[in-house]
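Shown next, in C-alpha cells, is the structure this report addresses.
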Amino acid sequence: MESVFLHIDMNNFYASVECAERPDLDGLPVAVAGSPEKRHGVVLAKNQIAKKYGVKTGDTVFEAQTKAPGIIFLPPHFEKYDKISKRMFGICNKYSCYVEPFGPDECWLDCTQTQKLFGGGENIADELRERVSRELGITASVGVSFTKLFAKLGSDMKKPNGTTVIDENNFRDKIWPLAAEELCGIGRSTSQKLKRMNILTIGELANSDERVIKKTLGKTGVDIRLAARGESTGEVREAVIKRDVKSVGHGLTALRDLITWEDVQTLVYYLSELVAARLKKYGMKARGVAVNARTYMLSRQGKQAVLPYPVASSWDIADNALKLLETIYDGTPLRSIDVAVYMLSDEHEPQQLSFFDDGMKSAKCEKLDRVIDKLRAKYGKNSVIRACHAEQDIFMNKDLGDFLPFKR
C-alpha cells in the first residue's frame with residue numbers, strides 16, 4: 001500500500017489567531033510584534049494583507065511601517081497561541097495516531113491506514129482545513145504526498161487555505177523546479193555546497209551523480225538526494241512515542257535588537273535556564289555546548305565546544321555559551337541567539353572527578369539550581385529571578401514549556 005502523508009501548516013499563525021478575535025481588523029495589514037510601542041521591536045508574524053505589502057517575519061517595526069503604511073501592531077499572547085496549537089493537534093489526532101509536530105503551528109500525519117476510514121488523503125486534508133476553520137477560526141494549508149518531505153513542500157504551495165496533492169505522477173513537475181534549499185533538511189551550509197556544484201534545483205539534486213554527492217556531502221548528501229527523488233523512507237512517529245534525546249536547545253528572537261554585551265548576557269542566561277530545566281527533566285547532563293547568533297542583517301555565526309566534564313546547571317551552560325559568543329561577537333546588533341547542548345549522558349553515570357576547582361564549582365551550581373527550582377515550584381516561576389532579568393525588555397518571561405517556537 002502506498003504511504004499517505006499529510007503536512008498541515010496554520011497560515012500566519014500568531015497573526016491569524018489575533019485577527020480571528022478582532023473582526024474590526026478585516027481588510028487591514030496587521031503584524032504581531034514583540035514590542036509594538038518601540039520602533040526597534042521585530043515582527044513575529046503578519047497577516048496575509050501585510051504579507052502582500054512585503055512585510056516579513058523578522059522585519060523591524062520601522063521596516064514594516066515603511067512597507068505597509070498604517071499597519072496595525074499587536075502584542076503577542078503566547079498562552080493563547082499555545083491553547084490553539086494544542087486544539088489543532090487534537091483535531092489531527094482524530095484522523096491518525098501518528099502525528100509529529102514540527103513547531104507549534106504545523107505537523108505531519110501518517111494516514112496510510114486511516115484513509116480507509118476517512119476517504120483518501122485529499123479528502124482528509126480538506127476535512128482538516130474545514131474543521132480548523134470552523135473550530136479555531138483560522139485557515140490552514142495542507143500538503144498530501146507519498147513522502148513526508150514532499151507533503152511539507154505541498155503545504156507551502158497553496159496559501160492561504162489550500163490543499164496540494166503531490167503524487168508519483170506529478171512530483172517531477174511540481175517539486176523538481178523548486179530551489180534545492182526549499183527541501184527540508186538542506187540548510188545554509190549544504191545549500192552553498194550544492195551551489196558550488198552547480199546544483200540549484202531539487203530536480204538537479206535528484207539527477208546528480210550519487211558518488212559525487214556522497215563524496216562531497218557524505219551521508220547527508222545521500223539522504224537529501226533520495227528525498228529529492230521521492231525515495232526517502234522517513235516515518236511519522238506516533239504521538240505517544242518519544243524520540244531519543246540527542247541534543248537540547250532553545251533559541252529566541254529578541255523583542256528588540258541586542259546592542260550591548262549586557263543585552264547578550266541577559267538573553268543567554270535566560271535561554272540557558274530553559275536548556276538546564278529540560279536537561280533535568282530528561283535526567284541528563286551534557287559535555288557539548290553550542291551557540292548560534294543572528295545579526296540584524298540576518299547573517300548567522302555559530303560556535304561549539306566540548307567540555308572537560310558533563311554539566312547540567314544553567315550557570316555552567318551560560319558561562320560556556322558566553323565564552324563561545326565572545327569569540328564571534330564584534331558589537332554588531334544581534335536579532336536572535338540559540339543555545340544548545342549535546343553529547344548527552346545519564347546524570348547518574350559515573351564521572352571522572354576533577355583535581356581542579358571547576359568540578360567542585362559545577363557541583364555547587366547544580367545544587368543551587370535545584371534549590372531555585374524548588375522555590376519556583378512552591379512560590380511561582382518569578383519568585384526567584386536573576387537580577388539582569390528583573391526589568392529587561394528583551395523577551396517575554398513566560399513559562400510556556402514545550403511551546404517555545406525554536407525549541408528542539
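Here are some notes:
- Most to least accessible of 315, 108 (protein chains only, probe 1.4 Å): 315, 108
- Solvent-accessible area of residue 314 with every protein chain in place, 1.4 Å probe, in Å² to the nearest 10: 0 Å²
- Rounded to 10°, Cα long-axis angle of helix 261-282 versus longest principal axis of the chain: 80 degrees
- Expressed as a whole percent, the accessible surface of the chain that belongs to carbon and sulfur atoms is 52, based on a 1.4 Å probe.
- Zone of residue 21's modelled label, taken as backbone nitrogen in the range 57-83 under 19 Å from a point 7 Å along Cα→Cβ: 72-83
- Probe 1.4 Å, protein heavy atoms only - accessible area per residue of the chain in square angstrom: 51 Å²
- Compared with the alpha-carbon gap, the fully stretched path from residue 170 to residue 372 is longer by 67.0 nm at 0.36 nm per residue.
- Rounded accessible area of residue 51 (nearest 10 Å², 1.4 Å probe): 90 Å²
- Surface calculation, 1.4 Å probe, protein heavy atoms: residue 53 sits at approximately 120 Å² accessible.
- Protein-only accessible surface order, largest first, of 211, 22, 131 at 1.4 Å: 211, 22, 131
- Acute angle (nearest 10 degrees) that the helix 357-379 long axis makes with the longest principal axis of the chain, alpha-carbon atoms: 70 degrees
- Residues with amide H under 5 Å from that of residue 4, placed H, sequence gap 5 or more: 111, 112
- Potential extension, residue 123-residue 80 segment - 0.36 nm per residue separation minus Cα distance: 12.5 nm
- Applying the criteria of a DSSP loop state and at most 16 other Cβ atoms within 10 Å to the GluC sites (Glu not before Pro) of the range 168-254 yields 168, 231, 235, 238.
- Theoretical gain in end-to-end length, residue 210 to residue 260 [0.36 nm per residue, Cα-Cα removed]: 13.3 nm
The values are calculated or read from the model by the stated rules, or taken from the named source; none is laboratory data. Everything numeric here is computed off the predicted structure, so don't read it as measured data. Positions of Cβ are generated from backbone atoms using ideal geometry, with glycine treated the same way; all protein chains shown enter the neighbour counts. Note: accessible area is taken over every heavy atom of the protein model, side chains too, but ligands, DNA and RNA are not part of it. Shrake-Rupley method; radii C 1.70, N 1.55, O 1.52, S 1.80 Å.
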